[in-house]
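Heads up: the structure comes next, in structure tokens.
The values are calculated or read from the model by the stated rules, or taken from the named source; none is laboratory data. Computed from a predicted model, the values in this text were never measured in an experiment. Neighbour counts are summed over all protein chains in view; Cβ atoms, including those assigned to glycine, are modelled from backbone coordinates with ideal geometry.
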Amino acid sequence: MRITLSIPLALLLSVPLIACDGGSTTNPGASSSTAGVALFRLADVDGDEVEVTTVAGGRTILAFWATWCQPCQSELTKLDGLYADLASRGLMIYAINVDDPSTASQVGSWVAREGYRFPVLLDAESQILARYHPRKEVPFYVVLDGDARVVEDHQGYTPGDIDALRTRLEQALSQ
């Protein structure tokens, strides 16, 4: 099932930032020359605050997932390969975990075992997920352009989804 969201940037930015303390931040995927629009901050699996930004002239994927979700696991594996292949062309992926406190302790070991190359962030209250997908179902991803506009969204996972996404991203990133 595909759900199309049209959320104005002003509405997204009107929601309070999560865990924003004004201190130093890290963003392993964007340098000052490639950063687009700052979206929000979340803690990563090591407890460090990460400022999530779009990539100017590129695409940013926010992939929402949970450790208990088998389709999420398959999707993240495919997204990791996509990221390895297209990061140098302007693709950034943030995997945003929405495990609640009862399973959140598993996230760090899960990520270490899987070895994802993109940042994995924690949204235990699912507040960021709710901004993009009010039904809060996973797996779910959105693709943002450099101006933080949602250019694509996708609910669920079936084999071939990420291959089709790759084709669309390769075309968008070649322009």
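If Asp161 passes every condition in (1) under 25 Å from Ala35 (Cα atoms); (2) in contact with a strand residue (DSSP E or B) (Cβ under 8 Å, 6 or more places away or on another chain); (3) among the acidic types (Asp, Glu) but one, which one does it miss?
(1)
Are any residues in region 120-130 touching a helix residue (DSSP H, G or I) at 6+ places or on another chain (Cβ under 6 Å) and either polar (S, T, N, Q) or surrounded by fewer than 18 Cβ atoms within 10 Å (Cβ to Cβ) (or both), and if so, which ones?
Correct list: Ala124 only.
Looking at Asp80, Asp85 in this structure, which one is under 14 Å from the mean Cα position of the chain (by Cα), at pLDDT 95 or above, over 17 Å from Ile128 (Cα atoms) and surrounded by fewer than 22 Cβ atoms within 10 Å (Cβ to Cβ)?
Details: Asp85 fails: under 14 Å from the mean Cα position of the chain (by Cα).
After applying the criteria, what remains is Asp80.
Can you name the condition, by its number, that Ile96 falls short on among (1) without any contact (Cβ under 8 Å) to a residue 40 or more places away in the chain; (2) in contact with a strand residue (DSSP E or B) (Cβ under 8 Å, 6 or more places away or on another chain)?
Here Ile96 meets the rest and fails (1).
Please go through (1) of a type in the set (A, V, I, L, M); (2) in contact (Cβ under 8 Å) with a residue 40 or more places away in the chain; (3) farther than 22 Å from Ala35 by Cβ for Val150 and return the number of the only condition it doesn't satisfy.
So the condition that Val150 fails would be (3).
Would you mind telling me which numbered condition in (1) out of contact with any helix residue (DSSP H, G or I) (no Cβ under 8 Å at 6 or more places or on another chain); (2) under 18 Å from Phe40 (Cα atoms); (3) not basic (Lys, Arg) Val143 fails?
(1)
Report yes if Asp163 is among the charged types (D, E, K, R), crowded, with 18+ Cβ neighbours inside 10 Å and on the phi < 0 side of the Ramachandran plot, otherwise no. Explain how you work it out, then say what you get.
Details: among the charged types (D, E, K, R): yes; crowded, with 18+ Cβ neighbours inside 10 Å: no; on the phi < 0 side of the Ramachandran plot: yes.
No.
Just a yes or no: is a residue in region 106-119 under 14 Å from the mean Cα position of the chain (by Cα) and either exposed (fewer than 13 other Cβ atoms within 10 Å of the Cβ) or not in a loop (DSSP other than H, G, I, E, B) (or both)? Steps first, please.
From region 106-119, those under 14 Å from the mean Cα position of the chain (by Cα) are 116-119; that's our starting set.
Next cut, either exposed (fewer than 13 other Cβ atoms within 10 Å of the Cβ) or not in a loop (DSSP other than H, G, I, E, B) (or both) only: none.
No, region 106-119 contains no residue that is under 14 Å from the mean Cα position of the chain (by Cα) and either exposed (fewer than 13 other Cβ atoms within 10 Å of the Cβ) or not in a loop (DSSP other than H, G, I, E, B) (or both).
Would you check if there is a residue in region 114-126 being touching a Gly at 6+ places or on another chain (Cβ under 8 Å) and touching a residue at least 12 places away in the same chain (Cβ under 8 Å)? Lay out the reasoning, then the answer.
Keep residues of region 114-126 that are touching a Gly at 6+ places or on another chain (Cβ under 8 Å), which gives 118-119.
From what is left, the residues that are touching a residue at least 12 places away in the same chain (Cβ under 8 Å) are 118-119.
For region 114-126, residues touching a Gly at 6+ places or on another chain (Cβ under 8 Å) and touching a residue at least 12 places away in the same chain (Cβ under 8 Å): present.
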